[in-house]
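Here is the structure we will look at, set down as structure tokens.
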Amino acid sequence: MNILKFGGTSVGSLESITALLGILKEQQGAENPIVVLSAMSGVTNALVEMAENAGKGKIYSEEMAAIEKKHFEVIRALLPAIAQNPVLTKLKIYFNELEDILQSVYNLRELSLQTKDLILSYGERCSTVMVSHIAKQTFPNALYVDGSELIKTDHNFGQAKVNTYLTESLIKDFQESNPDKLLFVTGFIASNDEGRITTLGRGGSDYTAAIWGSALNAQEIQVWTDVDGMLTADPRMVKKAFSLSELSYTEAMELSYFGAKVIYPPTMIPAFLKRIPIVIKNTFNVDFPGTYIKHGAGSSKLPIKGISSIDEISVLNLSGSGMVGKAGFSGRLFSMLSREQINVILITQSSSEHSITFAVKPSDALKALALINKEFELELQARKLEYPEVENGLAALAIVGENMKRTPGMSGKLFHALGRNGVNVRAIAQGSSEYNISVIISKPDLSKAVNAVHDAFYANLKRTLHVFCLGTGNIGKTLFAQLEAQTTFLATNNDLQVKVMGVCNTRKMHLNEDGIALNNWEESLENDGEPADLPLFIKKMKALNLPNCVFVDNTASYNPIQFYKDVLQSSISVVTCNKIGNSADYEQYAAFKQAARTYGVDFHYETNVGAGLPIIRTLKDLMMSGDRIHRIEAILSGTISYIFNNYKGDKLFHEVVKEAQDKGYTEPDPRDDLNGKDFMRKMLILARDAGYPLEEDDIKIESMLPPACLAAATVADFYQELENNTEYFEKLKKRAADDNKVLRYIGKLEAGKVEITLQMVDDGHPFYMLSGSDNIISFTTDRYKDRPLVVKGPGAGAEVTAAGVFADIINVGKR
Ligand SMILES: NC(=O)c1ccc[n+]([C@@H]2O[C@H](COP(=O)([O-])OP(=O)(O)OC[C@H]3O[C@@H](n4cnc5c(N)ncnc54)[C@H](O)[C@@H]3O)[C@@H](O)[C@H]2O)c1
Ligand SMILES: N[C@@H](CCO)C(=O)O
Ligand code: NA
């Protein structure tokens with residue numbers, strides 16, 4: 001036989017009660033199930049409020065009328081007129097009784113726990129009378145059962161303790177004498193040996209179901225609710241939370257202890273002891289399998305089962321030399337707290353025994369503090385203990401799963417995910433059962449932390465990178481197009497989802513918590529965007545406090561640079577193709593690297609040198625493995641490379657420059673390429689990455705332009721001056737051709753010195769053969785001594801640069 005328990009939402013409306021009847025029909029079989037019901041949703045809370053109001057001499061008639069209406073509407077809608085009377089009469093009697101009781105409370109201005117239990121009992125009695133009458137239309141054998149008569153408890157009103165032996169025999173007898181009936185039993189309520197109504201405390205209807213299940217050795221207990229079972233995390237916080245197909249009892253206990261409100265753990269004990277499986281099902285999604293809680297379900301493939309959280313806790317810390325090596329301190333502390341009914345959520349003690357930290361509900365914190373001050377008065381006065389303080393604004397997060405016991409690296413994964421996202425861990429606890437690792441963190445970090453941990457553990461889900469992009473020009477635009485085109489590829493091949501959360505250019509900015517659709521980012525920036533304000537953009541990005549964030553700089557501007565450090569220190573990775581940051585003063589360059597290291601995030605800038613070509617990465621790999629750079633020789637201006645490779649025949653120099661600009665090879669301002677500045681920046685960055693703390697002034701640049709071109713005040717003037725100097729460039733070209741040579745602008749780093757020179761090279765030179773916007777770089781090192789390591793290929797252009805930025809973003813996701 002099965003026990004079917006329906007919670008408040010499952011008896012809360014016409015639709016849910018209709019669904020409930022459908023479920024019963026579906027499960028009709030040889031044996032009648034036992035149906036246990038809660039009060040209609042909202043009714044218990046209303047009763048508590050009415051009772052408390054009455055006790056304070058406040059009016060409660062509005063709530064009373066609302067409760068009546070809620071029940072009567074359902075009856076009128078679901079029962080034919082002739083069948084309505086008996087149930088309406090019965091409920092009227094209940095409501096009259098309830099009014100009388102409330103009136104007495106009102107008159108006396110006194111609400112005892114005993115009276116409160118009595119008042120609350122009307123919630124379950126009304127709903128169960130109502131539903132059992134409605135059910136009679138379909139199931140003539142339906143019978144209303146006042147469960148309070150069968151569950152016997154002590155006198156502890158509000159949270160009575162069940163007399164199991166007596167209760168089980170009463171239930172068995174009752175069921176045996178009504179074998180053909182379909183029983184509709186009130187949940188939550190019981191009675192003591194004097195016959196006074198008591199209640200079973202939080203989760204009481206589940207408890208009723210478990211008690212009946214245990215008494216009758218049920219096959220399973222079904223808990224029908226309004227969610228698809230127990231989820232991996234709180235779905236209000238974690239959009240990707242999913243329903244768990246099975247859990248062990250222990251796991252369910254651990255998960256529900258910390259937040260998963262679907263069932264309340266102590267209620268499961270009777271079922272646990274008899275190994276009766278519990279199934280959590282959704283009344284509003286009947287076909288969904290739900291969650292099975294049963295023995296032996298702890299060893300499923302998931303590394304952890306769920307992440308539970310408490311969003312508000314307070315922490316107290318008892319410390320002092322007086323505790324070291326002395327037995328009894330923690331005993332005194334915790335027995336005192338338990339005597340005073342203060343529930344301790346989590347405890348940690350350092351092995352030095354110098355301090356004990358414990359967490360309680362914020363509402364208990366001051367009381368706990370006062371109790372400690374009293375209990376340890378002497379030790380505190382003698383300075384053997386420090387005066388404790390309450391720390392508020394904290395939250396707790398726990399990963400739960402029996403599999404953790406057998407799997408190393410679980411805590412590593414947890415702390416890595418937290419650390420990388422800048423979540424500071426205040427205290428840690430792991431039970432020796434290894435079913436649960438709990439951490440205390442600051443409350444504002446909770447949502448980010450739970451999401452980050454969820455992403456880290458459920459490899460079956462796609463991890464999400466949250467990306468914030470500056471710049472929507474040449475590179476920015478191309479990056480968005482590439483990201484959009486690769487969405488599916490990333491999802492299937494990398495289990496990665498790249499979500500652009502914010503876009504900003506010089507005119508406008510737009511942030512969207514749900515992400516910006518890449519197929520119409522331009523429209524949404526235009527229509528939903530606000531005027532650009534970079535500091536505000538960054539402030540809003542930080543305020544979203546999302547896990548796995550990347551800040552992408554696709555501008556050529558000085559402004560974003562000043563925020564890099566702050567962004568990195570907020571545990572947000574930075575990806576940039578903007579060379580200005582790394583090529584300004586050395587101190588700043590070093591500070592970015594340091595910030596990334598300290599905060600465990602990435603700072604990627606592959607496209608600073610040679611666009612998408614793997615140059616920065618190659619140098620880093622060499623350095624990391626202990627190689628030493630003797631010499632770097634390179635052509636690192638895609639623009640100049642293109643110009644020298646295409647300045648042939650009748651084409652004039654300035655025309656080729658324009659071509660390079662039109663092809664997207666040049667900097668936003670092409671003067672930066674031709675005056676050698678862009679090349680200088682790249683050499684400077686390489687030198688720094690190779691271990692030389694150089695500054696701009698340390699680099700010698702031979703200009704390839706006549707002085708007038710260098711002096712041009714605007715881009716238009718610049719082109720004009722290039723044209724005016726046509727003869728100069730023609731001569732240069734001719735000289736090279738006459739000697740069977742080609743023009744090359746070459747950078748060299750040797751013995752810590754950097755120079756960039758204009759050279760004419762013949763076909764014996766390794767840099768002779770280049771085409772298009774090719775870059776080439778050769779590294780001579782300890783290991784690559786006789787033949788250098790060479791990287792060559794297109795070193796400019798929107799596609800290859802955006803691709804490099806893209807790869808840097810993915811590399812953040814890979815970690
Ligand atoms: N073209 C290439 O081959 C190549 C290769 C490697 C690196 N890069 C680098 O890529 C970067 C972008 O180049 P581009 O050709 O796309 O430039 P672009 O001029 O086409 O676009 C720049 C974008 O940045 C925005 N912007 C400028 N200042 C800003 C600020 N303070 N805040 C927000 N947005 C701002 C502009 O509105 C524009 O959308 C440059 O730093 C360049 O050096 C380019
Ligand atoms: N303007 C740059 C782009 C690549 O950094 C070049 O021509 O090399
Ligand atoms: Na590169």
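For residues in the stretch 794-815 being small (Gly, Ala, Ser) and modelled with pLDDT of 95 or more, which is nearest to ligand 2 (Cβ to nearest atom)? Residue satisfying both the conditions and the ranking: Ala796. For the stretch 487-499, the criterion of being loosely packed, with under 15 Cβ neighbours inside 10 Å and basic (Lys, Arg) is met by none of the residues.
Here the condition is being within 16 Å of ligand 3 (Cβ to nearest atom), in the same structural domain as Glu750 (by TED's automatic domain parsing) and aliphatic (A, V, I, L, M); of Leu652, Leu636, it holds for Leu636 alone. A Cβ distance below 7 Å, combined with a sequence gap of six or more or placement on separate chains, defines the contacts here; from the stretch 304-326, residues that are at negative phi reach residues that are among the charged types (D, E, K, R) and assigned to a helix (DSSP H, G or I) in the pairs Lys305/Glu251; Asp311/Lys443; Glu312/Lys443; Gly322/Glu379.
Restricting attention to the stretch 802-813, does a residue exist that is among the charged types (D, E, K, R), within 14 Å of ligand 3 (Cβ to nearest atom), in contact (Cβ under 8 Å) with a residue 12 or more places away in the chain and out of contact with any Asp or Glu (no Cβ under 9 Å at 6 or more places or on another chain)? Looking for residues that are among the charged types (D, E, K, R), within 14 Å of ligand 3 (Cβ to nearest atom), in contact (Cβ under 8 Å) with a residue 12 or more places away in the chain and out of contact with any Asp or Glu (no Cβ under 9 Å at 6 or more places or on another chain), one finds none in the stretch 802-813, hence no. Of the residues that make up the stretch 602-622, is at least one away from ligand 3 (no atom under 14 Å from the Cβ), modelled with pLDDT of 95 or more and of a type in the set (Ser, Thr, Tyr)? Within the stretch 602-622, not a single residue is away from ligand 3 (no atom under 14 Å from the Cβ), modelled with pLDDT of 95 or more and of a type in the set (Ser, Thr, Tyr). Within the stretch 529-557, the residues that satisfy the criterion of being within 21 Å of Leu479 (Cβ to Cβ), away from ligand 3 (no atom under 16 Å from the Cβ) and more than 26 Å from the chain's Cα centre (by Cα) are Ala532, Thr555, Ala556, Ser557.
Looking at the stretch 394-478, the strands (runs of 3 or more DSSP E) lying wholly inside it that each contain 1 or more residues that are farther than 30 Å from Asp553 by Cα and modelled with pLDDT under 90 sit at 427-430, 436-442. Hey, among the residues in the stretch 638-687 that are in contact (Cβ under 8 Å) with a residue 60 or more places away in the chain and among the small types (Gly, Ala, Ser), which one's surrounded by the most Cβ atoms within 10 Å (Cβ to Cβ)? Selected residue: Gly638.
Among the residues in the stretch 150-162, are any of a type outside the set (A, V, I, L, M, F, W, C) and touching a residue at least 60 places away in the same chain (Cβ under 8 Å)? Outline the logic, then answer.
Here is the first cut: in the stretch 150-162, the residues of a type outside the set (A, V, I, L, M, F, W, C) are 152-156, 158-159, 161.
Next, only the ones that are touching a residue at least 60 places away in the same chain (Cβ under 8 Å) stay: none.
Checked against the condition, which is being of a type outside the set (A, V, I, L, M, F, W, C) and touching a residue at least 60 places away in the same chain (Cβ under 8 Å), the stretch 150-162 yields no hits at all.
Exactly one residue among Asn554, Asn608 is within 16 Å of ligand 2 (Cβ to nearest atom), buried (at least 23 other Cβ atoms within 10 Å of the Cβ), more than 28 Å from Asp697 (Cβ to Cβ) and polar (S, T, N, Q), and that residue is Asn554.
Only one of Leu465, Leu479, Leu461 is crowded, with 21+ Cβ neighbours inside 10 Å and closer than 22 Å to Asn545 by Cβ; which?
Numbers: Leu479 fails: closer than 22 Å to Asn545 by Cβ; Leu461 fails: crowded, with 21+ Cβ neighbours inside 10 Å.
From the options Leu465, Leu479, Leu461, the qualifying one is Leu465.
Note on the stretch 764-812: residues that are of a type in the set (A, V, I, L, M, F, W, C) and assigned to a loop (DSSP other than H, G, I, E, B) amount to 4.
Take Gly409 and decide whether it is without any contact (Cβ under 8 Å) to a residue 12 or more places away in the chain and of a type outside the set (D, E, K, R).
Details: without any contact (Cβ under 8 Å) to a residue 12 or more places away in the chain: yes; of a type outside the set (D, E, K, R): yes.
Judged against the criteria, Gly409 is a match.
Filtering the stretch 364-388 to residues that are exposed (fewer than 12 other Cβ atoms within 10 Å of the Cβ), of a type in the set (Gly, Ala, Ser) and assigned to a helix (DSSP H, G or I) leaves only Ala370.
For the stretch 612-651, enumerate the residues that are more than 16 Å from ligand 2 (Cβ to nearest atom) and either part of a loop (DSSP other than H, G, I, E, B) or more than 23 Å from Asp782 (Cα to Cα) (or both). Scanning the stretch 612-651 gives Ser625, Gly626, Asp627, Arg628, Lys648, Gly649, Asp650, Lys651. Total residues in the stretch 130-148 satisfying the condition of being closer than 16 Å to Leu79 by Cα and charged (D, E, K, R): the figure is 1.
Applying the criterion of at least 2 residues that are out of contact with any His (no Cβ under 9 Å at 6 or more places or on another chain) and either among the small types (Gly, Ala, Ser) or on the phi > 0 side of the Ramachandran plot (or both) to the helices (runs of 4 or more DSSP H) found wholly in the stretch 492-611 leaves 580-583, 586-598. Taken over the stretch 581-605, the residue count meeting the criterion of being touching a strand residue (DSSP E or B) at 6+ places or on another chain (Cβ under 9 Å) and within 16 Å of ligand 2 (Cβ to nearest atom) is 4.
For every residue, the table says whether it meets (1) in contact with a Lys or Arg (Cβ under 6 Å, 6 or more places away or on another chain); (2) within 15 Å of ligand 1 (Cβ to nearest atom).
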| position | (1), (2) |
| --- | --- |
| Gln759 | yes, no |
| Gly764 | no, no |
| Met769 | no, no |
| Gly772 | no, yes |
| Arg783 | no, no |
| Asp786 | no, no |
| Leu789 | no, no |
| Gly804 | no, yes |
| Asp808 | no, yes |
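Among the residues of the stretch 557-569, those identified as closer than 18 Å to Ala532 by Cα, more than 16 Å from ligand 2 (Cβ to nearest atom) and either surrounded by fewer than 18 Cβ atoms within 10 Å (Cβ to Cβ) or not assigned by TED's automatic domain parsing to the domain that holds Gln594 (or both) are Tyr558, Asn559, Gln562.
Please count how many residues of the stretch 699-722 are of a type outside the set (Lys, Arg) and in contact (Cβ under 8 Å) with a residue 12 or more places away in the chain. First the steps, then the outcome.
So the first thing to find is which residues in the stretch 699-722 are of a type outside the set (Lys, Arg), and the list is 699, 701-722.
Imposing the further condition that a residue be in contact (Cβ under 8 Å) with a residue 12 or more places away in the chain reduces the set to 699, 701-706, 708-710, 712, 715, 718-719, 721-722.
Residues that pass the stated criteria total 16.
The values are calculated or read from the model by the stated rules, or taken from the named source; none is laboratory data. For clarity, every value in this text was computed on a predicted model and none was experimentally measured. Note that each Cβ is placed from the backbone with ideal geometry, even for glycine, and that neighbours are counted across all protein chains shown.
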